[in-house]
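The values are calculated or read from the model by the stated rules, or taken from the named source; none is laboratory data. On a predicted model such as this, the values are computed, not experimentally measured, just so you know. Every residue, glycine as well, gets a Cβ built from its backbone with ideal geometry; the counts of neighbours run over all protein chains shown. Heads up: the accessible areas ignore ligands, DNA and RNA and are worked out on the full protein's heavy atoms, side chains in. Shrake-Rupley method; radii C 1.70, N 1.55, O 1.52, S 1.80 Å.
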Amino acid sequence: MVSSDASHICQLWCDGLDQTSEACQWNISKYLVSKMMMKLKEHATSNEGDVGPDGSNLVKHWMDKSDRVMLVAECTQDDNDGDTTQIVGCCGVKIGTSESDVSPESDVGSVWRVSVDKSARIKGVGKALMNKAESWISEKRCTKMQLVTGNRIAANFYKSIGYQKINWILDVLDMPGWFEKSITT
């Protein structure tokens, strides 16, 4: 990831939050989850957030530290003016499970800010990002990866690539919760 990608990554991730709200089965859950996703977006894209306004904090938070990285998936298309590259996915991965704390000795990795562009879903982009995230965390000698999602569609994807549910949150809202996968080092 380079700083010129930050705005696109920010927009991609914010669009993913909308998918989380849309994935809810019940109107009441959709309303409540939408409110939660709006708060998450406000926090992450604030001046103090890890994404920052228009992605301004992404490089500082995700790339300037040794315990984390922001992975980016790109798609190159041939058009009349030559090749154009579009960012179609992002995935933050870090050692430890705290969003802000540095935990270099932890044996657990975690995934943050995952999103795949609507045009690239069900084409292997998410799987490629997660494979790279697992490889990166394995290189850091972590033995498991954890993540949390409120998106039913994403939860089914994570299950399909070997993640197991370890804790459910807000069952009444139909929110999937925490997942974990053992990683071989």
Checked against (1) over 25 Å from residue 102 (Cα atoms); (2) in a loop (DSSP other than H, G, I, E, B); (3) open to solvent by 90 Å² or more (accessible area, probe 1.4 Å); (4) not aliphatic (A, V, I, L, M), residue 47 satisfies every condition except (1)
One residue is enough: does the range 148-156 have a residue meeting the conditions farther than 20 Å from residue 36 by Cα and either open to solvent by less than 20 Å² (accessible area, probe 1.4 Å) or of a type in the set (A, V, I, L, M) (or both)?
no
Selection from the range 117-147 of residues open to solvent by less than 20 Å² (accessible area, probe 1.4 Å) and in contact with a Leu (Cβ under 8 Å, 6 or more places away or on another chain) yields 129, 133
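Do we find that residue 20 is surrounded by 17 or more Cβ atoms within 10 Å (Cβ to Cβ) and over 18 Å from residue 132 (Cα atoms) in this structure?
Values: surrounded by 17 or more Cβ atoms within 10 Å (Cβ to Cβ): yes; over 18 Å from residue 132 (Cα atoms): yes.
Yes, satisfied.
Please work out if residue 34 is open to solvent by 50 Å² or more (accessible area, probe 1.4 Å), farther than 22 Å from residue 138 by Cα and of a type in the set (Ser, Thr, Tyr).
Working: open to solvent by 50 Å² or more (accessible area, probe 1.4 Å): no; farther than 22 Å from residue 138 by Cα: yes; of a type in the set (Ser, Thr, Tyr): yes.
Here the answer is no, as residue 34 does not meet what is asked.
Suppose the filter is in contact with a strand residue (DSSP E or B) (Cβ under 8 Å, 6 or more places away or on another chain), assigned to a strand (DSSP E or B) and either surrounded by fewer than 10 Cβ atoms within 10 Å (Cβ to Cβ) or at pLDDT 90 or above (or both); does residue 77 pass it?
Values: in contact with a strand residue (DSSP E or B) (Cβ under 8 Å, 6 or more places away or on another chain): yes; assigned to a strand (DSSP E or B): yes; either surrounded by fewer than 10 Cβ atoms within 10 Å (Cβ to Cβ) or at pLDDT 90 or above (or both): yes.
So residue 77 passes the test.
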